[in-house]
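Below is one structure; the comments refer to it alone.
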């Protein structure tokens, strides 16, 4: 097997391939142009979207030519794959803004140079399509019966599939055809929920151009307990630091379960496998910290990763720098007058509501300055503040915040 494909397989990116022997031979012969799509239905990617981008970097590092396709055209109708209901329609202006933001995020991670890696937007060839011509030239190559055998459509047929969404496979296949003609793209990679769309694109290229193309999919990643990868109590683990702070991003990786550490090191870092095996042979907490540092550095940069590390160490009593912890300001007068513990946890952002704060205290998960709070009637006074007028408040084992009296 081609070395680049072996790397993907060794690191856990390999789920299905339309013709692994043929693709391996093609990659042995020289650089292959390939693409992966990104859906701009939101203003930020989350970590679940990034698995194909990590695979992209591995293939690019092996000498192949990468295209990140932003779905500014296909997002106008939405991909039904993996969805139980139709996506909410958003304005074209919002899609364009999302596409620009996502292209910038990918650019920072991938490093577009216009040659070995660059971005495209399928809006350029989809937005002004003549529908009648499209049906004649492209739609005539698709079998409805075959389309309905693909898992994405079979699932949606049970709950209701709109005709708008039914067109999505034709449009994604047309993307593959366009990239094949414009840039010589011979390979599409993506999550395994895209298998049907990828296969359809390969067939369309064969029918229209008589060329051989290939598809490679990755497993859909879940945690060892079956939860969706990148899901947190606050929602998805977004790349936008205004939505998910670098500290919270770091903490997600630092707190993954032991069973997930090696797999995530393989998928979400570029550490050599031998280095990963050495890490896993040692202290598991050190391995988790290295995982958090590596991924946070890749997404947010070394400076933010270091700040998050120091903040985490301060929160968990291992030295560090409290100023790097998530911080909230509460007027000193509130402490001098005595602030109720429920108000403190609510205003510090460790409880969404006063009722949540009450449950936290009653269940024994509330800590003020390292002291477990046992009564919902407790008051926190200025004597709880340290010499710098600060206080660390904790909810459960992993959620900390630095309260600064102003």
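Simple spin-label estimate for residue 181 and residue 333 gives 7.0 nm between the two label positions (7 Å along the Cα-to-Cβ direction from each Cα). Taking the number of Cβ atoms within 10 Å of each Cβ as an exposure proxy, the fewest-first ranking of 177, 220, 279 is 220, 279, 177. Taking Rh as the Kirkwood radius, which is the inverse of the mean 1/r over Cα pairs, what is the Rg/Rh value for segment 327-405? The Rg/Rh ratio comes out at 0.92. Taking the Cα-to-Cβ direction at residue 96 and at residue 382 and moving 7 Å from each Cα, how far apart do the two end points lie in nm? Taking the simple label geometry, residue 96 and residue 382 are separated by 5.6 nm. For segment 184-259, the equivalent ellipsoid built from the Cα gyration tensor has semi-axes of 37, 14, 10 Å, listed from largest to smallest. Treating the Cα atoms of segment 169-321 as identical point scatterers in vacuum, please give the log10 of the normalised Debye intensity I(q)/I(0) at q = 0.13, 0.15 Å⁻¹, two decimals. Reported log10 I(q)/I(0), two decimals: -0.74, -0.86. Under 4 °C and 1.567 mPa s, how fast does segment 3-218 diffuse according to Stokes-Einstein, given a Kirkwood radius computed over C-alpha pairs? Answer in µm²/s, whole number. D = 74 µm²/s. Between residue 29 and residue 140, full extension at 0.36 nm per residue minus the direct alpha carbon distance yields a gain of 36.5 nm. Scaling the Cα radius of gyration of the chain by the globular reference 2.2 N^0.38 Å produces a ratio of 1.15.
Here the spin labels are modelled as points 7 Å beyond Cα on the Cα-Cβ line, and at residue 20 and residue 258 they lie 3.2 nm apart. Only Cα sites of segment 1-78 enter the Debye sum here, all with the same form factor; the resulting log10 I(q)/I(0) across q = 0.10, 0.13 1/Å is -0.28, -0.46, listed in q order. On the principal axes of its alpha-carbon atoms, segment 231-323 has extents of 35, 29, 24 Å, going from largest to smallest. Counted over the chain, the DSSP beta bridges are approximately 45% antiparallel.
Any read-out appearing in this document is the output of simple, stated calculations on the displayed coordinates, not a laboratory observation. Remember, it's a predicted structure, so these values are computed and weren't measured experimentally. Cβ coordinates were reconstructed from backbone atoms using ideal geometry, including for glycine residues, and neighbour counts include every protein chain displayed.
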